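A.B. asks: Pasting a structure below so you can have a look.
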Amino acid sequence: MADLSKIHQNKAPVRRHYLAEWLEVRQMTPVELLDVLNDAERWENFKPIDKSQVYRWLKGQLPQSAQQERIARALEMENPADLLRDPLDDWFAKFFRDRNREEMEKMKQMLEIAFPRKSA
């Protein structure tokens with residue numbers, strides 16, 4: 001049988017969520033997130049979440065959809081699907097939202113001047 005560790009050694013694991021990055025942006029620790037998630041007064045149909053579960057999520061396990069909703073609300077996100085987006089992507093999307101074409105072209109020009117593409 002083939003040695004799978006050698007076959008897949010140069011492949012990066014699939015990134016499934018950005019929980020760690022969202023915690024950093026919100027300046028929350030995993031323990032603080034757990035405290036919010038386990039605050040029974042905040043949640044309907046409350047089921048406690050174990051500390052080890054939060055750490056499994058941080059190691060890459062994808063939370064179930066009900067847990068994603070709780071996490072999103074705990075992190076004050078508009079949409080649970082935002083967990084699957086890098087917080088910077090989210091920031092840029094919100095910043096450019098509701099801008100007219102002219103404003104967006106000006107911003108694009110300013111960014112290209114301030115941060116020219118590096119040639120190879």
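A.B. asks: Among all lysine pairs in the chain that are eight or more places apart or on different chains, how many have alpha carbons less than 24 angstrom apart? Could the numbers behind the result be given before it?
C.D. replies: On the way: LYS6/LYS59; LYS11/LYS59; LYS47/LYS59; LYS51/LYS59; LYS94/LYS106; LYS94/LYS108; LYS106/LYS118; LYS108/LYS118.
Within the chain, the lysine pair count is 8.
A.B. asks: Further, regarding this structure: What net charge do the residues around ASN79 carry, taking every other residue with its C-beta under 10 Å from that of ASN79, with Lys and Arg at +1 and Asp and Glu at -1?
C.D. replies: Surrounding charge for ASN79 is -3.
A.B. asks: Sequence-distant or interchain residues sharing an amide H contact under 5 Å with ARG85, placed H: which?
C.D. replies: Distant-sequence amide H within range of ARG85: TYR18.
A.B. asks: Using the Karplus curve 6.51 cos²θ - 1.76 cosθ + 1.60 with θ = phi - 60°, work out ³J(HN,Hα) for each residue of the stretch 30-42 in order, rounded to whole Hz, and write x for Gly and Pro.
C.D. replies: Result, rounded to whole Hz: x, 5, 5, 4, 4, 4, 5, 5, 9, 7, 4, 5, 7.
A.B. asks: Could you let me know the centre-to-centre spacing of the stretch 85-107 and the stretch 39-67, using Cα atoms, in angstrom?
C.D. replies: 31
A.B. asks: Let me ask something additional. What fraction, in whole percent, of alpha-carbon pairs in the chain exceed 22 Å separation?
C.D. replies: Here the tail beyond 22 Å accounts for 52 percent of pairs.
A.B. asks: What list do you get for VAL36, VAL54 if you sort them by fewest beta carbons within 10 Å?
C.D. replies: VAL36, VAL54
A.B. asks: Provide the per-residue ³J(HN,Hα) series for the stretch 67-80, in order, calculated from phi with Karplus coefficients 6.51, -1.76, 1.60 and θ = phi - 60°, each as a whole number of Hz, with x at glycine and proline positions.
C.D. replies: Residue by residue, the stretch 67-80 yields 5, 4, 5, 5, 4, 4, 5, 5, 8, 6, 9, 6, 8, x Hz.
No lab work stands behind these numbers, since they all come straight from the coordinates. All of these numbers come straight from a predicted model, not from anything done at the bench. Virtual Cβ from ideal backbone geometry, glycine too; neighbours counted across all protein chains shown.
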